[in-house]
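So the structure is just underneath, and the comments pick up after that.
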Amino acid sequence: MNKGDSLLHLRYCSLRTGEKTGELVGPAFAGIEAKFAVRCNGATTAPDKYGNNSESLLRGQLILPICYNSEPMPELARLLTAFVGRPLSSDQLQKLQAYLDLLLKWNAKINLTAVRNPEDIIRRHFGESLFAGEQRALKASSTLTDVGSGAGFPGLPIKILAPHLEVSLVESQQKKATFLREVIRALELQNVSVYAGRAEELKRKSQIVTMRAVEKFESALPTAASLVQTEVQPKGSLALLIGSAQAAAVHRVLPGWSWQNPIAIPDSRERVLLVGVAD
């Protein structure tokens, strides 16, 4: 655990021991070792039910964090400012904070994202997802399917942004699907389902279909396109969060679609949002 990471963790974390919420105290960096203590009501705690204690903190193995009822940290709203057109509500920020807490905790056990730094997670995952939602006419839509949802991006942040949407998260890996269900339960999200199977087997069609960071991207494109509602007007849309170099492949694989100009994602050199509608 390096100095920068530890300071970030101090900002984003509180530690719950039973019904008491503690705080992380330290670290003291002087070019040697970082010492931590977990304090609750003035006393250093024994290991909590998640296995956190002073020794595990010293080893840099803190299971992060357990604070679903905490107020969202100011950094969260600040880091998301570039991605949203208007300030998020306190309820939305609180849900995003709880989501971040769960993601950090679960990511210590299963590989949900290779990004470990909380600020980078907020910008690259939460921010990008919210930006995609801001660019779509969400009020005019009622259904969304997120293909290859993984850790829930962009589907879950878009759901938090637009609570009226009926959202289906498609994720074939069982551990990730279990995580998605836990987020839905903890955040008390309504009208969100997890389909723990292959997208090719899904029968439901939606007005908005999203896809981001899936394996075998080109082969997944026709499947995602087939889930877009095209039988009634206005036709649904396919929203892709991709690298700018992937746009050419999208046009080649889906020639019967009309595509908007790619929209650059804030704080990114290469990431774009590409939105298309079937001809």
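Computed values, structure above
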{"quantity": "Whether the stretch 127-279 is rounded, prolate or oblate, judged on the alpha carbon gyration tensor where a/c under 1.5 counts as rounded", "calculated": "rounded"}
{"quantity": "Given Lys175/Lys235; Lys139/Lys203; Lys109/Lys203; Lys139/Lys205; Lys95/Lys203, the pairs whose alpha carbons are separated by over 28 Å", "calculated": "Lys175/Lys235; Lys109/Lys203; Lys95/Lys203"}
{"quantity": "Most to least packed among 233-242, 251-260 [average Cβ atoms within 10 Å]", "calculated": "233-242, 251-260"}
{"quantity": "Unit charges on C-beta of K, R, D, E only; dipole of the stretch 120-278, Debye", "calculated": "80 debye"}
{"quantity": "Within the stretch 132-198, GluC sites (Glu not before Pro) in DSSP loop having at most 10 other beta-carbon neighbours inside 10 Å", "calculated": "Glu188"}
{"quantity": "Ordering of 204-214, 83-93 by packing [mean C-beta count within 10 Å, highest first]", "calculated": "204-214, 83-93"}
{"quantity": "Residue-by-residue Karplus 3J(HN,Hα) for the stretch 267-273, coefficients 6.51, -1.76, 1.60, Hz, glycine and proline x", "calculated": "6, 9, 7, 10, 7, 9, 9"}
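All of the numbers you see were taken from the coordinates with simple rules; none came from a lab. If you're wondering where the values come from, they're calculated on a predicted model, not measured in any experiment. Neighbour counts are summed over all protein chains in view; Cβ atoms, including those assigned to glycine, are modelled from backbone coordinates with ideal geometry.
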